[in-house]
1. Just give me the residues in the range A:177-225 being small (Gly, Ala, Ser), at pLDDT 95 or above and over 20 Å from residue A:116 (Cα atoms), in sequence order.
2. In the range A:61-80, what residues are in a strand (DSSP E or B) and either under 23 Å from residue B:11 (Cβ atoms) or within 11 Å of chain B (Cβ to nearest Cβ) (or both)?
3. Here are some residues: B:58, B:83. Which one is under 22 Å from the mean Cα position of the chain (by Cα), within 22 Å of residue A:158 (Cβ to Cβ), in a helix (DSSP H, G or I) and away from DNA strand C (no atom under 13 Å from the Cβ)?
4. Mind counting the residues in the range B:23-45 that are outside any strand (DSSP E or B), hydrophobic (A, V, I, L, M, F, W, C) and within 11 Å of DNA strand C (Cβ to nearest atom)?
5. Identify, by number, the condition in (1) within 16 Å of DNA strand D (Cβ to nearest atom); (2) modelled with pLDDT under 95 that residue B:72 doesn't meet.
6. With respect to residue B:103, is the statement that it is away from every other protein chain (no Cβ under 11 Å), more than 13 Å from DNA strand D (Cβ to nearest atom) and within 30 Å of residue B:199 (Cα to Cα) true?
7. The conditions are (1) within 14 Å of DNA strand D (Cβ to nearest atom); (2) part of a loop (DSSP other than H, G, I, E, B), and residue B:48 fails exactly one of them. Which is it?
There are 2 protein chains.
Amino acid sequence: MEPGNISGRTLADRAFEWLEEAIIKGDYPPEFRLDEGALAKSFGISRGPVREAIRRLEGKKLVERVPHIGARVTSLTDSDLVELFFVREALEGMACRLATERMSDEDLQALSALLEGHASSGALKAGESYYQRPGDFDFHFRIIQGSRNPKLIAMLCDDLYHLLRIYRYRSSSRRGRASQALKEHRSIVKAMLARKPDLAEHEMRAHLQHARLAIQPPPKKNDPSVDD
Amino acid sequence: MEPGNISGRTLADRAFEWLEEAIIKGDYPPEFRLDEGALAKSFGISRGPVREAIRRLEGKKLVERVPHIGARVTSLTDSDLVELFFVREALEGMACRLATERMSDEDLQALSALLEGHASSGALKAGESYYQRPGDFDFHFRIIQGSRNPKLIAMLCDDLYHLLRIYRYRSSSRRGRASQALKEHRSIVKAMLARKPDLAEHEMRAHLQHARLAIQPPPKKNDPSVDD
DNA sequence: GTTTTTTCAACTGTTGACAATACGGCGGCG
DNA sequence: CGCCGCCGTATTGTCAACAGTTGAAAAAAC
């Protein structure tokens, strides 16, 4: 009824959305302490709804809580990031396969146009933009949506991408990765236009493998990260 | 310090674990209404911690909440289940690939032994057990653990499997699927023993595709379940 | 008899107060 | 000089009471 009312109807929901956005935007960096009292005061509400919002974020793995200590914004180690890229490779490969089968010719043409538009707009002139940027994000986002699988879309867009954005790119992306990424994107679109799901999935996974290797420390003799 | 202290240290954490287990076990079926007051009284605590537990379950997508109405246990439609099987195929395929590269020879031998033990114990005599049963679960569980990728393990074991268990198998699994599943499991182990990651992933994905098709209504002229 | 309105009980949303716990500083003591 | 325990403060955990909303039964109108 009240359209412009606001985002969430309850205070707890609004606090959740506020916090989630602040975390994703980077206003609250990793390890940032979420002080219930301070947050409540800054929102002009009581601690109850704030606590509920934090519990919801905890379920979403955006914050980590320790009883009697407090909640902090989730922090991703380098190996966490690499692990998540394996997950992303699996999920987005599947999304690309499904998109290849399910996207309309029009949508595929639009995707291709988007790609070439970015390519020619000189956005990657410095070899810095595009990759890990809105252009790159749009491209992947459209393909994911094209999978028409709501669960898959939610996992990638609502969960995984948010998690990845928490990571503040510590290692500068490799030089030349931007133009390389563009080439790989073209290969993906080509396979999609040819309606070859197997190939499209393979190209997407190769693309994400390269992205992972660009951030992954070179394989040392013995990997200290494995212990269970 | 005190390991055997108890499950969760705070009431909210214990309520969360209690509710999560009840949902996963099926004590609280899909669509079951979570009455804060009633739950609080049955736990012997106040509504505050119960609300926090529910918010955490909401973040985990185990319950769905509507403001001012209440929370209900998540209900999966048939198409939801099919969508989740695509996700499972992607993730568990990747897990199987990584497990093939990372599991020790001993662990692989143990996996093979587990499989043959189940096969010979007459557990699948009636063609009813094994598939969608502890034996099947153990098999997949071990492979997932073998991936040594904590994020992947958490997504599969802590999130996806719990979601899948919510679904109360409405369509009885096809006759003969049990022995078929066993054959497929053998193919997977064979590929893993041969240390062929590509093949292992392929076999696992084929296995899960078959499982999906067994639950997926055969492609009819017009499917009444699809409406978006 | 059917439809509309009103009332009401049950539940959720929110708050402020109180209890319990962790952390840091202070002083005592070996 | 350094270690240990005490204590105060700040923050989290829990509770009970209050306010607002919903949905349905009961009452009124047609």
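The values are calculated or read from the model by the stated rules, or taken from the named source; none is laboratory data. Computed from a predicted structure; not experimentally measured. All Cβ positions, glycine included, derive from the backbone under ideal geometry; neighbour counts span all protein chains shown.
1. Hit for the range A:177-225 is A:206, nothing else.
2. Selection gives A:63, A:64, A:65, A:66, A:70, A:71, A:72.
3. Among B:58, B:83, only B:83 is under 22 Å from the mean Cα position of the chain (by Cα), within 22 Å of residue A:158 (Cβ to Cβ), in a helix (DSSP H, G or I) and away from DNA strand C (no atom under 13 Å from the Cβ).
4. Adding up the residues that qualify gives 3.
5. Looking at each condition in turn, residue B:72 falls short on (2).
6. Taking the combined requirement at face value, the residue satisfies it.
7. (2) is the only condition that residue B:48 fails.
Yes/no matrix, rows are residues, columns are (1) at positive phi; (2) surrounded by fewer than 15 Cβ atoms within 10 Å (Cβ to Cβ):
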residue	(1), (2)
A:27	no, yes
A:32	no, no
A:36	no, no
A:44	yes, yes
A:55	no, no
A:58	no, no
A:62	no, no
